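Quick note: the coordinates plus some simple rules give every number you see, no bench work behind them. All figures in this text were calculated on a predicted structure; none of them were measured in a lab. No Cβ is skipped: glycine too gets one built from the backbone with ideal geometry, and neighbour counts run over all protein chains shown.
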Amino acid sequence: MPRVLDSVPAGCPVLAIDAYSKDRTTEIARARGAAIVQREWGGFIDARLFALSEVHTAWTLMIDADEALDGTLRDAIVRADGEAQAYCVARTTFFCGRPMRIWTAERILRLFQTPLGMLRSRAVSDDAQVHEVWSVPGKVEDLPGTLLHYSYPSVASYRAKFEHYTDLESAATASSATTVMTEELRAIVRFFYLAIVRGAVLDGWRGLFVAWWSARYRPTVFRKALHRAS
């Protein structure tokens, strides 16, 4: 929490949504001047839409607790001329302390005019409360700099999120034995694409680990969905 709060532009009003956490989240956020709203957890999309409803500024920067703005992006946000309706940032995700090539410079929309923000899931099923993306009607421009995403500090944290996210998606997904078999075959192709074409092999065991489990994501969702239905 200190990392993300310390990375935002000075003087920027901050709103933190907290699902009654048991750690020092609210204490740390308040110490850095953030306003706190606590509510029960209802899913990623539900939480983000609620957060947006609580924003009373013309612009919204949506950022997670495991992310941080680098200096270039922070300055670019301050200098943005506001002629677009939204701005995309380049996000790089870290695994076990290192940035991953297959997760580098992912363009995502995070800064937008508050009344225009719309949210949807890009999961296997549109009904899943995970893998949400923002969009707006109108002009979208890119900002320089990097949004640093420290989502997976360890193998254990990756595996825990993998299981949690695939559980969420499978609960909202229809499946069949044929679909599972098809996705298993596609996973093999996707692994080699990520490892060789996208350069995951250059990141050593970390890159190959991420490439393998990224390729295994969809078949895992459909396999879990089939198991739920049986």
| Efficiency by 1/(1 + (r/R0)^6): what FRET value for Glu40 and Val201, r their Cβ-Cβ distance, R0 = 41 Å, to the nearest 0.05? | 0.40
| said: Please compute the contact order of region 8-167 in relative form: average sequence separation of alpha-carbon pairs under 8 Å and at least six residues apart, divided by the residue count, as a percent. | reply: 26
| What is the sum of charges around Thr146, taking Lys and Arg as +1, Asp and Glu as -1, for the other residues whose C-beta is under 15 Å from the C-beta of Thr146? | 0
| request: Using a 10 Å cut-off on Cβ atoms, rank the peptides 71-82, 147-158, 215-226 from the highest mean neighbour count down. | output: 215-226, 147-158, 71-82
| field | Calculated FRET efficiency for the pair Glu27/Ala229, C-beta based, R₀ 35 Å, to 0.05 | value | 0.20
| query | What are the residues whose amide H is under 5 Å from the amide H of Phe95, where those residues sit 5 or more places off or on another chain and H is modelled from the backbone? | reply | Met100
| field | Extended-chain gain in nm, criterion 0.36 nm per residue less alpha-carbon gap, Ala156 and Thr72 | value | 27.1 nm
| field | Gaussian network model of the chain, springs between alpha carbon atoms under 10 Å - residue of Ala174, Ala19, Ala68 with greatest fluctuation | value | Ala19
| request: Under 30 Å Cα to Cα from Lys161, which lysines show up? Leave out anything in the same chain fewer than 8 places away. | output: Lys22, Lys224
| Residue-wise HN-Hα coupling along region 215-230, computed from phi with Karplus coefficients 6.51, -1.76, 1.60 (Hz; x: Gly, Pro) | 5, 7, 5, 4, x, 5, 4, 5, 5, 5, 5, 5, 5, 4, 7, 7
| note | Residues whose built amide H sits under 5 Å from the amide H of Thr146, excluding neighbours closer than 5 in sequence, are Asp70, Thr72, Leu73
| task | Answer rounded, prolate or oblate for region 156-205, using the Cα gyration tensor with square roots of eigenvalues a ≥ b ≥ c: rounded when a/c is under 1.5, else prolate when a/b is larger than b/c, else oblate. | result | oblate
| Could you give the semi-axes, largest first, of the ellipsoid that matches region 1-105, computed as the square roots of 5 times the alpha carbon gyration tensor eigenvalues and rounded to whole Å? | 22, 19, 15
| request: Quick one: work out Rg over Rh on the C-alpha atoms of the chain, Rh as Kirkwood radius. | output: 0.98
| task | Please work out the ratio of the alpha-carbon Rg of region 108-230 to 2.2 N^0.38 Å and round it to two decimals. | result | 1.22
| query | What would the Debye formula give as log10 I(q)/I(0) at q = 0.14, 0.18, 0.28, 0.29 Å⁻¹ for the alpha-carbon point model of region 178-230, no solvent? | reply | -0.38, -0.56, -0.94, -0.98
| field | Theoretical FRET efficiency, 1/(1+(r/R0)^6), r = Cβ-Cβ of Ala51 and Glu184, R0 41 Å, to 0.05 | value | 0.65
| query | Residue by residue through region 148-156, which ³J(HN,Hα) values in whole Hz follow from phi under the Karplus form 6.51 cos²θ - 1.76 cosθ + 1.60 (θ = phi - 60°), with glycine and proline marked x? | reply | 8, 10, 9, 7, 10, x, 8, 4, 4
